[in-house]
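Peer 1: Take this structure first; my questions come after.
The values are calculated or read from the model by the stated rules, or taken from the named source; none is laboratory data. Computed from a predicted model, the values in this text were never measured in an experiment. For neighbour counting, all protein chains shown are included, and Cβ atoms are generated from backbone atoms with ideal geometry for every residue, glycine included. Ligands, DNA and RNA are stripped out before the accessible areas are found, and what is left, the full protein with its side chains, is counted by its heavy atoms. Shrake-Rupley method; radii C 1.70, N 1.55, O 1.52, S 1.80 Å.
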Amino acid sequence: MKMIKQHSKKTGLPPGTLLHVGNERREQAKVTLVEYTADKCFEKQSCNIQEFLQKIPADTVTWFNIEGIHDISLIETIGKQLNLHVLTLEDIVHSGQRAKFEDFGDYLFIVTKMLRYNKELHQLQSQQVSFVLGRGYLMTFQESDWDVFEIIRLRIRKNSGFVRQMGCDYLCYALIDAIVDHYFEILEHFGDKMEELEEELLTHPSEKTLHKIHIIKRDFVLLRKTIWPLREAVRCLQDDESELLGDDTQLHLRDVHDHTVQIIDTLESSRDLVSGMLEIYLSSVSNKMNSIMKVLTLIATIFIPLTFVTGIFGMNFHTMPELRQGWMYPWGFWLIIIGIVVAMAVYFKKQKWL
């Protein structure tokens with residue numbers, strides 16, 4: 001709802017108007033440059049993107065990583081230098097985009113969602129990551145400074161794997177693959193939480209248990225909204241005939257597509273399990289309530305005839321001969337009461353109600 005409220009600010013504005021939609025940030029945007037070939041690697045950080053964009057080497061792979069899409073002036077400068085379409089820039093600064101892929105001829109534009117589970121805050125966090133793949137360069141736009149790309153950076157620095165031997169298209173694939181692989185870690189985390197919830201449901205379910213179930217259901221909704229569009233985007237990217245994508249990269253993209261399908265299957269199974277947990281909780285609460293009502297009903301049933309007997313002896317008519325007998329209260333009244341209680345208890349026991 002917060003995203004919808006922010007998006008409503010764009011109502012009436014012409015297409016291509018750059019207006020940041022997302023979490024408000026005041027820190028300065030940061031630009032990281034990574035250039036590498038099979039033999040060398042160079043990294044640099046700066047807040048001035050123009051010094052990076054003055055000349056992009058043709059014989060190296062150049063990766064620009066921008067942290068902070070809230071800086072509209074920075075995004076406009078990049079768009080002018082690289083001749084990016086205004087609709088591309090608009091989608092970059094709008095963090096509420098669904099995962100998608102668009103081919104603009106001179107460059108490819110990809111939008112994904114990066115997820116992580118914050119163990120300190122105990123919540124699932126999401127940020128939009130946009131890719132612009134051009135000739136000899138790759139640009140990634142992030143909302144904040146956390147990502148799951150460190151493993152790719154280590155491969156580039158240590159020259160392990162195939163990243164340094166391949167082009168920008170392979171780097172783009174590797175980054176998308178890192179995002180998708182991290183989904184498996186998130187699902188594994190939720191799998192552990194679901195096992196703990198199952199044990200809690202069977203031992204001592206409480207309102208906290210119900211709250212935990214609703215939190216997991218909400219997080220699964222976010223996962224589903226993230227992964228389903230990504231599967232379609234990866235499929236379109238895999239089938240695209242752009243010259244910017246090599247045959248080897250498209251072959252690797254099939255593997256990413258298979259991973260997204262596998263994640264969706266796992267997610268759907270997990271959602272069914274969570275729905276089953278909710279039903280188990282409701283059944284447990286209902287059974288507990290039935291047990292309480294059963295005990296109260298048995299107590300009330302026992303006291304109904306006792307109330308009837310005490311009502312008779314409490315009428316105080318002078319013609320009642322029992323009132324004039326001294327032994328009637330200790331040996332008559334209480335024997336009747338105790339006899340009724342014992343008889344009803346034996347009957348309830350035979351009926352297996354106790």
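Peer 1: Mind checking the log10 I(q)/I(0) for region 239-339 at q = 0.16, 0.20 Å⁻¹? Debye, one equal scatterer per Cα, no solvent, two decimals.
Peer 2: -0.88, -1.03
Peer 1: Sort out for me the Cα centre separation of region 189-252 from region 58-97, rounded to whole Å.
Peer 2: Measuring centre to centre over Cα atoms gives 28 Å.
Peer 1: Separate question: For a label point 7 angstrom out from the Cα of VAL261 toward its Cβ, which stretches of region 221-236 have the backbone nitrogen within less than 20 Å?
Peer 2: Once the point is set 7 Å along Cα→Cβ of VAL261, 224-236 turn out to lie under 20 Å by backbone N, inside region 221-236.
Peer 1: Using the C-alpha atoms of region 134-211, what convex hull volume per residue, in cubic angstrom, is computed?
Peer 2: Output value, Cα hull per residue: 130 Å³.
Peer 1: Between LEU138 and residues 5 or more places away or on another chain, which pairs have amide H atoms under 5 Å apart, with H built 1.01 Å from N, and which residues are they?
Peer 2: It is THR62, TRP63, PHE64, by chain and number.
Peer 1: When the Kirkwood hydrodynamic radius is evaluated over all pairs of different C-alpha atoms of region 170-266, what value in angstrom, to one decimal, is obtained? Mind showing how you got there, number by number?
Peer 2: Numbers: mean 1/r = 0.0655 Å⁻¹.
Averaging 1/r across every pair of different Cα atoms and inverting gives 15.3 Å.
Peer 1: For the chain, build the charge dipole from Cβ charges (+1 Lys, Arg; -1 Asp, Glu) around the Cα centre, then report which of MET315, PRO305, GLY167 sits farthest towards its positive end.
Peer 2: Farthest along the dipole direction, towards plus: MET315.
Peer 1: Given H placed 1.01 Å from N in the peptide plane, which residues other than close sequence neighbours of ALA99 have an amide H under 5 Å from its amide H?
Peer 2: LEU230
Peer 1: Please give the net charge around LEU84, taking every other residue with its beta carbon less than 11 angstrom from that of LEU84, where Lys and Arg add +1 and Asp and Glu add -1.
Peer 2: Taking every Cβ under 11 Å from that of LEU84, the sum is -3.
Peer 1: Shifting gears a bit: In debye to the nearest 20, how big a dipole does region 56-127 give about its Cα centre with +1 on each Lys and Arg Cβ and -1 on each Asp and Glu Cβ?
Peer 2: 380 debye
Peer 1: So if I average 1/r over every pair of distinct C-alpha atoms in region 92-231 and take the inverse, what Kirkwood radius in Å does that give?
Peer 2: 17.0 Å
Peer 1: Let me ask something else about it. Which one, LEU237, MET289, PHE104, is farthest towards the positive end of the dipole of the chain when Lys and Arg carry +1 and Asp and Glu -1 on their Cβ?
Peer 2: With unit charges placed on the Cβ atoms, the residue in question is MET289.
Peer 1: Report for the chain the percent antiparallel among DSSP-assigned beta bridges with both residues inside it, nearest 5.
Peer 2: In the chain, approximately 80 percent of DSSP beta bridges are antiparallel ones.
Peer 1: Now, a different point. Can you tally the net charge around ASP255? Count Lys and Arg as +1, Asp and Glu as -1, for every other residue whose Cβ sits under 11 Å from the Cβ of ASP255.
Peer 2: Working: positive: ARG254; negative: ASP177, ASP181, ASP258.
In short, -2.
Peer 1: So, one more: In a Debye calculation with equal point scatterers on the alpha-carbon sites of region 43-115 and no solvent, what is log10 I(q)/I(0) at q = 0.17, 0.22 Å⁻¹?
Peer 2: With no solvent term, the Cα-only Debye profile gives -0.74, -1.23.
Peer 1: Assigning unit charges at the beta carbon (Lys, Arg +1; Asp, Glu -1) and nothing else, what dipole magnitude in debye, to the nearest 20, does the chain show about its Cα centre?
Peer 2: Roughly 2040 debye for the chain.
Peer 1: Helix by helix, which DSSP H runs in the chain go 20 Å or more along their axis at the Cα atoms and have an average Kyte-Doolittle hydropathy of 1.0 or more?
Peer 2: Answer set is 334-350.
Peer 1: Hey, which of these cross-link pairs are over 26 Å Cα-Cα: LYS100/LYS212; LYS100/LYS193; LYS212/LYS294; LYS119/LYS225; LYS288/LYS350? Each step should come with its number before you reach the end.
Peer 2: Details: LYS100/LYS212 32 Å; LYS100/LYS193 31 Å; LYS212/LYS294 29 Å; LYS119/LYS225 22 Å; LYS288/LYS350 23 Å.
As for pairs spanning more than 26 Å Cα to Cα, those are LYS100/LYS212; LYS100/LYS193; LYS212/LYS294.
Peer 1: Please identify the trypsin sites (Lys or Arg not before Pro) of region 65-155 that satisfy two criteria: DSSP loop assignment and at most 11 other Cβ atoms within 10 Å. Which are they?
Peer 2: LYS119
Peer 1: Next question. For the chain, calculate the relative contact order in percent as a whole number, restricting contacts to Cα pairs under 8 Å that are 6 or more residues apart.
Peer 2: Answer for the chain is 13 percent.
Peer 1: Right, another one. I want to verify the translational diffusion coefficient of region 164-206 in µm²/s; compute it with Stokes-Einstein, Rh as the Kirkwood radius over Cα pairs, at 20 °C and 1.002 mPa s.
Peer 2: 165 µm²/s
Peer 1: Given region 146-188, report the % of alpha carbon pairs whose separation exceeds 17 Å.
Peer 2: 31 percent
Peer 1: Also, I was wondering about something else. Expressed in whole Å with the largest first, what are the equivalent ellipsoid semi-axes of the chain derived from the C-alpha gyration tensor as the square root of 5 times each eigenvalue?
Peer 2: Square roots of five times the eigenvalues give 72, 22, 16 Å.
Peer 1: Next question. Add -39500 (n - 2.57) for each DSSP H run of 4 or more in the chain, then divide by its residues: what number comes out at 222 nm, to the nearest 500 deg cm²/dmol?
Peer 2: -18500 deg cm²/dmol
Peer 1: With all protein chains present, how much of the accessible area of the chain (probe radius 1.4 Å) comes from carbon and sulfur, to the nearest whole percent?
Peer 2: Carbon and sulfur together cover 56 percent of it.
Peer 1: Quick check: pseudo-label points 7 Å beyond the Cα along Cα→Cβ at MET289 and LYS225, how many nm apart are they?
Peer 2: 3.1 nm
Peer 1: A follow-up question, please. Calculate, in nm to one decimal, what ASP39 and HIS85 gain on full extension: separation in residues at 0.36 nm each, minus their alpha carbon distance.
Peer 2: That pair, ASP39 and HIS85, stretches by 13.1 nm at full extension.
Peer 1: Let me ask another. If R0 is 22 Å, what FRET efficiency do you get for ASP106 and GLN50 from their C-beta distance, rounded to 0.05?
Peer 2: Values: r = 20 Å, r/R0 = 0.92.
Calculated value: 0.65.
Peer 1: What distance in nm separates the simple spin-label points at ASP240 and THR310, each placed 7 Å from Cα in the Cβ direction?
Peer 2: Label-label distance for ASP240 and THR310, simple model: 8.4 nm.
Peer 1: Given region 171-330, report the % of alpha carbon pairs whose separation exceeds 21 Å.
Peer 2: Here the tail beyond 21 Å accounts for 66 percent of pairs.
Peer 1: To the nearest 10 square angstrom, how much accessible area does ASP248 have with a 1.4 angstrom probe?
Peer 2: ASP248 exposes around 90 Å² with every protein chain in place.
Peer 1: For THR301 and HIS122, what is the calculated FRET efficiency with R₀ set at 45 Å and r taken between the beta-carbons, to the nearest 0.05?
Peer 2: For R0 = 45 Å, the calculated efficiency reads 0.40.
Peer 1: So what is the accessible area of the chain per residue, in Å², with the probe set to 1.4 Å?
Peer 2: Accessible surface, normalised per residue, equals 57 Å².
Peer 1: Among ASN83, ILE56, ILE66, which residue has its Cα furthest toward the positive end of the charge dipole of region 55-118, with +1 on Lys/Arg Cβ and -1 on Asp/Glu Cβ?
Peer 2: My answer, from the dipole projection, is ILE66.
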